[in-house]
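Accompanying notes for the structure given below.
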Amino acid sequence: MQTNELTLYAPISGLIVPLEQVPDEVFAKKMVGDGISIDPTDSSLVAPCDGTVLQVHRARHAVTLQSPQGVEILIHIGIDTVGLKGVGFSAHVQEGDSVSAGDKLLSFDADFVATQATSLLTQILITNDERVAGMQYSQGIAQAGDTALLNLQLTEASQKSTASNGATITGPEIIIPNSQGLHARPSATLAGHAKTFKATIHLHKTTQAHNTVQPANAKSVVALMGLELDLHDRVYLTATGDDAEPAIKALSTLINEGSGEDCLPINKEETTNSSTAKNTAPRQAPIDRSPINDTQALPVNGELHGVCASPGLVAGKIWQLVRTTLTIDEQGKNTQWELSQLDAALKQAQKDLTHLAQTADSEAQKGIFAAHSELLTDPELLEHAQGHIAQGKSAAWAWQQAFEAQATLLSQLKNALLAARATDMRDLGQRVLTLLAGDEQADNTIPDNVILIADDLTPSDTANLDPQRILGFCTATGGASSHVAIIARALNIPAIAGIDKRALQLPNDTQVMLRADTGLLQIAPAQEQIDTLMAEQKADNILNKAALSAAQKPAITQCGKTIEVVCNVGNIKDVNGAQALGAEGVGLLRSEFLFMQRANAPTEDEQTLAYSQVANAFGKGQNIIIRTLDVGGDKPLSYLPLPKEDNPFLGVRGIRVSLAHPEVFRTQLRAILRASHDCIANVHIMFPMITTLEDLRSAKAMLEQERIALNVAPIPVGIMVEVPSVAMLAEQFAREADFFSVGTNDLTQYTLAVDRGHPDLAKTADPLNPAVLAMIGRAVEGAHKHNTWVGVCGGIASDPLAVPILLGLGVDELSGSLPSLPRVKAAIRDQTLEQCQDLAQQALLASTADDVRELLQKHKHPAPSTQHRMLRR
Ligand code: PEP
Ligand code: MG
């Protein structure tokens with residue numbers, strides 16, 4: 001027999017707070033339900049009673065239980081925590097699980113969530129409070145699982161509504177305008193309004209295939225949250241009962257207006273286009289290949305502009321890298337023939353994958369291809385495709401439907417690791433589809449000695465380019481500091497990013513000259529123009545040769561100051577030949593490259609080996625700076641659940657990712673500490689994207705704990721100076737960091753508020769802008785007051801032209817791309833510090849980046865009188 005009382009025990013330890021005091025109207029006004037709040041002193045949530053898990057919110061910040069009596073209890077950790085999209089939270093149960101009072105439900109990283117959310121106040125709410133006739137709650141301090149928090153007197157389960165007479169009315173399709181989807185707050189508002197109508201009201205979610213999922217009772221907050229509606233999802237209401245019509249009208253308007261939240265109006269067309277694009281777009285945005293019309297006409301002077309991604313000058317014919325969109329006929333010839341086509345394509349794909357798995361360079365790649373082989377034999381996938389063929393469809397069409405359906409299914413899974421398999425499914429699907437559609441459609445072979453033009457290249461595309469076969473490349477997207485550019489520099493291929501989109505319309509084999517240094521693609525250049533520039537390049541090559549022959553000598557200014565010149569690397573392969581190019585150590589090991597393009601995070605042993613290999617390539621006394629994982633923003637990892645963010649560069653990125661995933665971070669810290677112990681070079685550790693001292697302290701505390709546990713000696717700890725807050729508070733940071741390394745790629749982005757990969761703003765993202773230089777100057781000034789040395793490892797450090805300014809600002813170390821080092825060293829040897837300081841002062845007073853560039857050009861080629869003046873000083 002069910003009792004008519006229910007005691008809920010505290011699900012978390014902390015101070016009990018009346019709901020009215022919660023700084024969020026929706027909770028304070030009991031719109032979600034009546035209950036109590038706890039200000040937690042703990043970071044795990046346990047079941048307040050026996051029950052069944054009705055729902056775990058996909059952001060893992062809220063869970064709903066149903067007690068055996070049918071009472072629904074929603075426990076919501078923090079305020080505005082839905083926006084963290086699961087980062088910092090772990091779920092220990094899933095929907096449908098039976099739990100006993102005291103069982104662990106959710107846990108969270110209290111330090112992280114506390115700094116990210118408005119409040120950690122945790123609400124315990126009864127969402128079907130029509131079941132509650134009375135409620136008493138405790139006061140003071142609650143002990144999780146021990147303190148009887150709420151005592152509820154229950155009513156009998158309510159009878160089914162009698163209001164469902166009459167016809168069912170269906171409302172219009174509505175697009176969810178809430179940026180965080182229909183989370184607790186808008187759900188509560190909607191349910192609250194729905195309850196004011198007698199009609200039975202349901203909210204339906206329209207799926208992309210225009211099927212519907214189980215509708216939700218619009219009067220139930222939990223049911224509404226259970227729809228997991230996201231921004232731009234499509235829904236409609238149905239209502240049955242006397243007041244169905246006004247209900248539909250009022251509630252449709254309410255949803256349209258954001259269910260009580262401030263939302264931007266929805267542009268229906270945009271969302272329609274983007275949702276279609278999701279279904280059909282190839283990985284690269286489709287390129288308009290139509291003939292150039294009047295508005296797109298090429299400039300009369302034949303010059304298309306972008307920004308230098310990797311310096312150099314080449315002339316040659318262009319080749320457009322187009323990702324083929326295959327044309328597929330829906331109707332098949334006959335079932336038998338189509339089945340045999342599918343069978344043959346699957347066999348061929350299986351063969352190709354086996355070969356790829358056998359010949360792959362790394363274990364990770366082998367694993368990926370082996371997993372693809374496995375997916376290929378998935379019976380559901382095959383049955384799905386065969387089913388379509390049996391209905392008269394072509395093998396290609398049937399296969400596309402089948403793998404897309406599987407991929408969509410995977411991508412909707414809550415488990416981020418499984419959801420990431422959708423990409424594998426699409427890759428694999430495309431492989432078979434290409435075989436079915438015929439090779440001639442997908443011939444992407446790049447001829448030798450061409451200048452490649454593409455809308456975009458992913459870092460892995462770029463890494464796969466053979467520098468021996470490609471003269472250069474231009475991408476319409478990406479800026480000078482994009483990761484594509486970084487890799488292009490490492491490969492020493494001249495490249496332009498953010499090129500005028502009209503370049504994408506040039507026919508293959510158009511003769512061009514790529515003047516990467518000035519970000520210029522010259523169409524059909526005159527032969528004498530090529531000759532002049534080639535002659536200049538020849539002269540430049542002579543300087544390069546001289547610089548190369550002196551590369552291994554130290555870089556000492558004319559006044560006797562030695563500047564340490566080190567290199568930026570991603571892995572051991574990059575280090576080969578580093579000493580020949582004059583690298584005196586590593587100023588930036590971008591450890592994230594070790595984490596990319598693989599199915600799982602590298603293990604501690606794997607990392608230790610990789611770091612030791614890099615460090616062992618250098619000798620005693622040489623500095624090796626290993627930067628901890630810097631992902632997020634433009635560097636996502638398939639196996640690390642990073643939320644999709646509206647502003648990823650302002651979101652969980654750099655050290656924030658590490659602090660949100662302590663298990664990944666601590667593994668890396670241990671690996672770095674072990675590598676430091678094992679080699680003779682001076683291993684340093686550096687944290688990326690530090691913005692606050694709290695972050696630095698948290699990271700250092702974890703490092704120290706791991707160091708003590710491993711019983712190894714301390715290593716120098718530094719930070720990247722990539723955001724203005726660090727430059728502004730340089731003195732404070734310098735007290736707690738052993739060194740700084742200025743990341744001008746990000747510092748420019750954050751100082752000038754320009755996305756570093758923005759194609760149209762690439763020119764604005766100039767690290768020589770006086771504002772960025774002022775940031776560097778301030779960082780150096782603050783650091784030197786506390787004997788903290790300062791390096792620069794952003795792209796500016798690879799630019800010999802910028803060297804005198806950096807020296808003038810007081811920088812102690814320059815870390816550049818390997819090919820740039822000899823010229824950077826040569827540029828240092830040309831300077832006296834006094835001249836540099838003079839120049840830096842003028843640059844700081846300059847108004848624009850162009851003014852600074854002009855100053856630098858003058859400094860490089862002084863007019864005779866100026867030269868005279870400078871020599872006299
Ligand atoms: C930088 O921001 O300048 C930097 C060196 O870091 P990354 O380019 O890897 O973001
Ligand atoms: Mg950076």
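Figures for the structure shown
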item	result
Among (1) of a type outside the set (Phe, Trp, Tyr); (2) within 16 Å of ligand 2 (Cβ to nearest atom); (3) in contact with a helix residue (DSSP H, G or I) (Cβ under 7 Å, 6 or more places away or on another chain); (4) over 24 Å from LEU589 (Cα atoms), the one test that ILE719 misses	(4)
Among (1) crowded, with 22+ Cβ neighbours inside 10 Å; (2) in contact (Cβ under 8 Å) with a residue 60 or more places away in the chain, the one test that PHE649 misses	(1)
Hey, VAL566 within 16 Å of ligand 1 (Cβ to nearest atom) and under 39 Å from the mean Cα position of the chain (by Cα) or not	yes
Qualifying position, being aromatic (Phe, Trp, Tyr), modelled with pLDDT of 90 or more and within 16 Å of ligand 2 (Cβ to nearest atom), among PHE618, PHE649	PHE649
First in the range 132-144 and on the phi > 0 side of the Ramachandran plot, second anywhere and hydrophobic (A, V, I, L, M, F, W, C), Cβ under 8 Å, 6 or more apart	GLY140/LEU15; GLY140/ILE16
Residue tally, condition polar (S, T, N, Q) and open to solvent by 20 Å² or more (accessible area, probe 1.4 Å), over the range 659-675	1
Exclusive hit being touching a helix residue (DSSP H, G or I) at 6+ places or on another chain (Cβ under 9 Å), crowded, with 16+ Cβ neighbours inside 10 Å and over 30 Å from TYR639 (Cβ atoms), set GLY498, GLY582	GLY582
Any hit, the range 204-217, residues being over 39 Å from the mean Cα position of the chain (by Cα), at pLDDT below 85 and farther than 21 Å from ASN256 by Cα	no
Top-ranked residue in the range 682-697 [being open to solvent by less than 10 Å² (accessible area, probe 1.4 Å) and touching a residue at least 60 places away in the same chain (Cβ under 8 Å); ranked as farthest from ligand 2 (Cβ to nearest atom)]	VAL683
Number of the condition not met by ASN571 [criteria: (1) touching a Lys or Arg at 6+ places or on another chain (Cβ under 9 Å); (2) under 30 Å from HIS305 (Cα atoms)]	(2)
Per-region count, the range 504-540, residues hydroxyl-bearing (Ser, Thr, Tyr) and under 14 Å from PRO311 (Cα atoms)	1
Filter pass, VAL82 being of a type outside the set (Phe, Trp, Tyr) and under 17 Å from ARG185 (Cβ atoms)	yes
Top-ranked residue of the range 425-440 - restricted to ones that are surrounded by 15 or more Cβ atoms within 10 Å (Cβ to Cβ) and not hydrophobic (A, V, I, L, M, F, W, C), ranked as modelled with the highest pLDDT	GLY429
Yes/no for ALA802 being surrounded by 24 or more Cβ atoms within 10 Å (Cβ to Cβ) and either modelled with pLDDT of 95 or more or out of contact with any strand residue (DSSP E or B) (no Cβ under 7 Å at 6 or more places or on another chain) (or both)	yes
The range 554-569: number of residues that are surrounded by fewer than 22 Cβ atoms within 10 Å (Cβ to Cβ) and at negative phi	8
Residue within the range 728-739 that is within 13 Å of ligand 2 (Cβ to nearest atom) and either surrounded by fewer than 18 Cβ atoms within 10 Å (Cβ to Cβ) or not small (Gly, Ala, Ser) (or both) present	no
Members of the range 632-646 found to be surrounded by fewer than 22 Cβ atoms within 10 Å (Cβ to Cβ) and either away from ligand 2 (no atom under 16 Å from the Cβ) or among the hydrophobic types (A, V, I, L, M, F, W, C) (or both), listed by number	LEU637, SER638, TYR639, LEU640, PRO641, PRO643, LYS644, GLU645, ASP646
Condition met for ARG656 (modelled with pLDDT of 95 or more, within 16 Å of ligand 2 (Cβ to nearest atom), under 24 Å from the mean Cα position of the chain (by Cα) and open to solvent by 20 Å² or more (accessible area, probe 1.4 Å))	yes
Subset of the range 617-660 (residues that are closer than 21 Å to CYS793 by Cβ and assigned to a helix (DSSP H, G or I))	PHE649, ILE655, ARG656, VAL657, SER658
Restricting the range 765-792 to residues that are farther than 22 Å from LEU839 by Cα and either crowded, with 24+ Cβ neighbours inside 10 Å or among the polar types (S, T, N, Q) (or both), the residue that is farthest from ligand 2 (Cβ to nearest atom)	ASN787
Residues that are within 11 Å of ligand 1 (Cβ to nearest atom) and either closer than 24 Å to GLY621 by Cα or β-branched (Val, Ile, Thr) (or both), drawn from the range 713-742	MET720, VAL721, VAL723, SER741, VAL742
Subset of the range 809-826 (residues that are in a helix (DSSP H, G or I), open to solvent by less than 10 Å² (accessible area, probe 1.4 Å) and within 20 Å of ALA840 (Cα to Cα))	VAL824, LYS825
Residues (open to solvent by 20 Å² or more (accessible area, probe 1.4 Å) and basic (Lys, Arg)) located in the range 750-764	LYS763
Filter result for the condition that a residue is exposed (fewer than 14 other Cβ atoms within 10 Å of the Cβ), hydrophobic (A, V, I, L, M, F, W, C) and farther than 23 Å from GLY794 by Cβ, over ALA599, ALA546, ALA503	ALA546
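The values are calculated or read from the model by the stated rules, or taken from the named source; none is laboratory data. Since the model is a prediction, treat every value here as computed from it, not as a measurement. Counting neighbours? That spans all protein chains shown, and the Cβs are built from the backbone with ideal geometry, glycine included. Accessible surface areas use protein heavy atoms only, side chains included; no ligands, DNA or RNA. Shrake-Rupley method; radii C 1.70, N 1.55, O 1.52, S 1.80 Å.
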